[in-house]
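I have placed the structure first, in the form of structure tokens, so that the comments after it can refer back to it.
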Amino acid sequence: MPYPEEFEGIAVTQDKPWHQPSHVSYPAKARHPRDIDIEIEACGVCGSDLHTVAGHWRELPPALVVGHEIVGRVVHVGSDADSGFKVGDRVGVSAQVLSCLECERCAEGNEPYCDGFVSAYNRAYPDGYVSQGGYASHVRVHEHFVVPIPESLPSELAAPLLCGGLTVYAPLIRNGCGPGVRVGVVGLGGLGHMAVLIAKALGAYVVAFSRGSSKRKDALELGADEYVATAEEPAWDDKYVSKLDIVLVCASSLQGVNLDQYVRTLRIGGKIISVCIPDKSEKLEMSAFALRGVTVGNSQLGSPQELRDLLELAAAKGFRPWVETLPVGVEGVSQALTRMDKGDVRYRFTLTEFDKEFGTGK
Ligand SMILES: [Zn+2]
Ligand SMILES: [Zn+2]
């Protein structure tokens with residue numbers, strides 16, 4: 001059965017290793033009157049996709065389509081939807097597709113912290129349907145979690161902002177990033193490179209930290225004011241004592257990251273915020289003695305309103321994530337996940353050519 005009863009996607013299945021995905025079809029989620037149907041035209045490849053298919057976080061269903069940086073066109077608007085979306089609009093979906101929309105957290109724009117959080121894939125909706133992500137022909141999502149994509153943002157460049165960009169934007173905004181604020185970005189991968197772009201767009205002074213020197217040129221080109229190769233200068237922190245207001249930890253793994261050194265770089269009252277979600281066995285380790293007058297925090301994703309604000313900021317200031325595109329399909333998905341596993345990406349993949357793989361776009 002074709003759309004609207006069934007969607008097609010590139011799934012990781014239990015009978016094959018994660019780097020050998022399959023083209024599958026699966027029943028669509030039952031329509032809620034406020035759901036929007038989207039025909040997908042681009043989807044970013046997020047580190048969470050890899051952690052999920054590799055089983056680092058939780059059990060997998062027999063077949064799972066990942067992907068939660070979804071851009072596409074509206075093809076159906078639910079009868080009770082009142083956000084103003086129309087068929088043909090270009091829209092985006094992030095890593096969250098539902099929350100209760102009634103609790104205090106939802107009411108104050110903290111949807112990602114709602115107990116009713118349903119992620120874009122591998123989570124059960126209240127009716128038991130397990131969500132499927134964006135390496136697919138279509139997605140059906142409650143309108144509250146659909147955002148407009150500004151005209152000037154190409155789909156393949158907008159996609160990485162939808163989860164990765166939002167994940168670093170929300171903690172920057174919530175912790176006072178702006179002109180005159182000095183921000184350290186730890187780790188220059190998919191998240192870190194967007195953190196540099198966004199912190200600069202917000203007017204901050206940015207110091208990028210990475211282990212080696214290989215990313216120095218890129219960091220400066222992204223707009224970082226300074227670059228520190230921490231592995232090449234073991235006592236680097238002596239030069240940065242009390243220099244920063246916010247340190248955003250964007251590393252994909254905390255192994256080998258000495259957080260005590262970063263605490264030294266903070267002014268009194270400064271904040272060290274982790275958005276790192278590594279293998280669940282990893283711990284955030286810091287010396288209690290080293291924590292002198294600073295705050296340690298964490299941030300998860302961001303709200304739909306913050307996502308709208310971020311996309312507007314990107315449109316207004318002109319910054320764009322650095323993206324390599326790959327055609328969606330068994331080959332492209334395998335390549336994206338395998339290369340991401342090796343860290344072989346500058347700095348983000350976006351899957352494209354959905355019309356060719358799924359016969360959509362008509
Ligand atoms: Zn809620
Ligand atoms: Zn993500």
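For region 258-270, check the following and say yes or no: at least one residue is more than 16 Å from ligand 1 (Cβ to nearest atom), under 30 Å from Glu104 (Cα atoms) and not polar (S, T, N, Q).
Looking through region 258-270, at least one residue is more than 16 Å from ligand 1 (Cβ to nearest atom), under 30 Å from Glu104 (Cα atoms) and not polar (S, T, N, Q).
Check Ala54 against each of (1) in contact with a helix residue (DSSP H, G or I) (Cβ under 8 Å, 6 or more places away or on another chain); (2) open to solvent by less than 30 Å² (accessible area, probe 1.4 Å); (3) under 21 Å from Val328 (Cβ atoms) and name the one condition it does not meet.
Here Ala54 clears every test but (2).
Can you spot a residue in region 69-81 that is within 16 Å of ligand 1 (Cβ to nearest atom) and of a type in the set (Val, Ile, Thr)? Explain how you work it out, then say what you get.
Step one: list which residues in region 69-81 are within 16 Å of ligand 1 (Cβ to nearest atom), which gives none.
Within region 69-81 (the criterion being within 16 Å of ligand 1 (Cβ to nearest atom) and of a type in the set (Val, Ile, Thr)), the answer is no, since none of the residues qualifies.
Residues that are touching a Gly at 6+ places or on another chain (Cβ under 6 Å), open to solvent by less than 70 Å² (accessible area, probe 1.4 Å) and not assigned by TED's automatic domain parsing to the domain that holds His56: which strands (runs of 3 or more DSSP E) entirely in region 208-292 hold 3 or more of them?
Values: elements: 226-229, 244-249, 266-274.
Output list reads 244-249.
Listed residues Val139, Val147, Val118, Val130; which is within 16 Å of ligand 2 (Cβ to nearest atom) and more than 17 Å from the chain's Cα centre (by Cα)?
Details: Val147 fails: more than 17 Å from the chain's Cα centre (by Cα); Val118 fails: more than 17 Å from the chain's Cα centre (by Cα); Val130 fails: within 16 Å of ligand 2 (Cβ to nearest atom).
Residue meeting the stated conditions: Val139.
Check region 116-136 and report whether any residue there is touching a residue at least 40 places away in the same chain (Cβ under 8 Å) and within 16 Å of ligand 1 (Cβ to nearest atom).
For region 116-136, residues touching a residue at least 40 places away in the same chain (Cβ under 8 Å) and within 16 Å of ligand 1 (Cβ to nearest atom): present.
Mind counting the residues in region 317-362 that are under 28 Å from Ser152 (Cβ atoms), assigned to a helix (DSSP H, G or I) and either among the aliphatic types (A, V, I, L, M) or out of contact with any strand residue (DSSP E or B) (no Cβ under 6 Å at 6 or more places or on another chain) (or both)?
Counting residues in region 317-362 that are under 28 Å from Ser152 (Cβ atoms), assigned to a helix (DSSP H, G or I) and either among the aliphatic types (A, V, I, L, M) or out of contact with any strand residue (DSSP E or B) (no Cβ under 6 Å at 6 or more places or on another chain) (or both) gives 6.
Counting only residues that are acidic (Asp, Glu) and modelled with pLDDT of 95 or more, which one in region 299-343 is surrounded by the most Cβ atoms within 10 Å (Cβ to Cβ)?
Only one residue tops the list, namely Glu306.
Against the condition in a strand (DSSP E or B), within 16 Å of ligand 1 (Cβ to nearest atom) and either open to solvent by less than 20 Å² (accessible area, probe 1.4 Å) or at positive phi (or both), how does Val97 come out, does it pass?
Numbers: in a strand (DSSP E or B): yes; within 16 Å of ligand 1 (Cβ to nearest atom): yes; either open to solvent by less than 20 Å² (accessible area, probe 1.4 Å) or at positive phi (or both): yes.
Yes: the conditions hold for Val97.
The values are calculated or read from the model by the stated rules, or taken from the named source; none is laboratory data. Small disclaimer: the values here were computed from a predicted structure and weren't measured. Methodologically, a virtual Cβ is constructed for each residue, glycine included, from the backbone with ideal geometry; neighbour enumeration extends over all protein chains shown. When the accessible area is computed, the model is the full protein with side chains, heavy atoms only, and any ligands, DNA or RNA have been set aside. Shrake-Rupley method; radii C 1.70, N 1.55, O 1.52, S 1.80 Å.
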